[in-house]
Amino acid sequence: MSHSLQTAIDRLRAAGFFVMEDAPFGARTTYRVGGVAAAGVELASVEELERLGSVLVDTEELLPVFVLGRGSNVLVADRGFPGLLVTLGAGFSWLNQDGNQVELGAASPLPVMARRIAKLALTGFSWAVGVPGSVGGAVRMNAGGHGHALAETLRAVLIFDLAADGSPSWREAKTLRLGYRSSAIQASQIVLAARLELGPGDPEEELITLNEIVAWRRAHQPGGQNAGSVFVNPVSAPAARLIEECGLKGVRYRSASVSDKHANFIQADPGGSADDVYALMQTVRERVEHLTGLELMSEVRLVGFG
């Protein structure tokens, strides 16, 4: 463990935080493979977050920090993460409504919020029922599905910056440079809440839509240990089609395999290796680029590799 990390752990404990060393990381992702974080803390309130920020700002060296939501778009190397893993507790999972506007806490599960919003007779968020992530993660990557993305309804985001000794502040969504599965949110910036502008809907019709989305995903996408789509779709063709046309559907490398059901999903075996998943990702990228000239970009956040 580095001196700066040990110093940070000591200061966090002195400030009243429970710090877990060798905190589970890969096991908390939907891949359920990969190593541990050197240390981890779970925050219960904004006040704790502000205290955490004050401690980290005072450390002599910049400490690697990773904020983990529900881990649905993350692959952690087997060797783990040599920094601090931060998670938001149940106090950051909530929904407030004001007419057609809703505010959602960052730790709120997307499928749960999609169903709650449908019952409020609001439309524009049903796509989220099929995304097994959190609101905070959805903001960071501008999550989407079924022809929609969060940017369509996102109006503002409450952000706290661990690299600056201050308080959370609301930022307009248009300042975040939201793109296809991307945003300008930095690693040190923690999303605490999102404000959405939705439309009026019919609860019964929304429920039908939700059920159709769930049924479609079960029919077309694999279950098991994966992180959804691995590669961003190029403009010219869906990544799954390119991978399949290159003869890679069903290909296996040790404990990882390209899904037989959807070629843009890479599955990890129970008890498998994150490094095997990463190696297979690299093989797919190299083969597709060699045969098509197109470079596939990872949609999955890679931690501890390289």
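Quick notes on this structure:
- Highest average packing first - 130-142, 34-46, Cβ atoms within 10 Å: 130-142, 34-46
- The label point for Ser2 and the one for Arg252, both projected 7 Å from the Cα toward the Cβ, are 3.9 nm apart.
- Largest-first principal axis extents, alpha carbons of region 176-268, Å: 45, 39, 29
- Taking label points 7 Å from Cα along the Cα-to-Cβ direction, Asp165 and Leu291 give a separation of 5.7 nm.
- With a Förster radius of 35 Å applied to the C-beta separation of Glu21 and Asn96, the computed FRET efficiency comes to 0.45.
- The convex hull of the Cα atoms of region 94-219, projected and averaged over all directions, covers 7.4 nm².
- Ranked by the mean number of other Cβ atoms within 10 Å per residue, highest first, peptides 72-80, 228-236, 21-29, 8-16 order as 72-80, 21-29, 228-236, 8-16.
- Membrane-span-like helices in the chain (whole DSSP H runs, Cα extent of at least 15 Å along the helix axis, mean Kyte-Doolittle hydropathy of at least -1.0): 3-14, 46-57, 203-220, 274-292.
- Per-residue ellipticity at 222 nm computed for the chain from its helices equals -8500 deg cm²/dmol, with DSSP H segments shorter than 4 residues left out and the rest contributing -39,500 (n - 2.57).
- Evaluated at q = 0.08, 0.15 Å⁻¹: base-10 log I(q)/I(0), Debye formula over Cα of the chain: -0.37, -1.24
- Contour minus Cα-Cα distance for Thr59 and Glu152 (0.36 nm per residue): 29.6 nm
- Each label point was placed 7 Å from the Cα along the Cα-to-Cβ direction; for Glu47 and Glu212 their separation is 4.8 nm.
- Rounded to the nearest 20, the Cβ-based charge dipole of region 68-141 about its Cα centre (Lys and Arg +1, Asp and Glu -1) stands at 140 debye.
- Shape category assigned to region 3-88 from the gyration tensor of Cα positions, a/c cut at 1.5: prolate
Rule-based calculations on the coordinates, nothing more; no lab input. Everything numeric here is computed off the predicted structure, so don't read it as measured data. Positions of Cβ are backbone-derived with ideal geometry, glycine not excepted, and every protein chain shown enters the neighbour counts.
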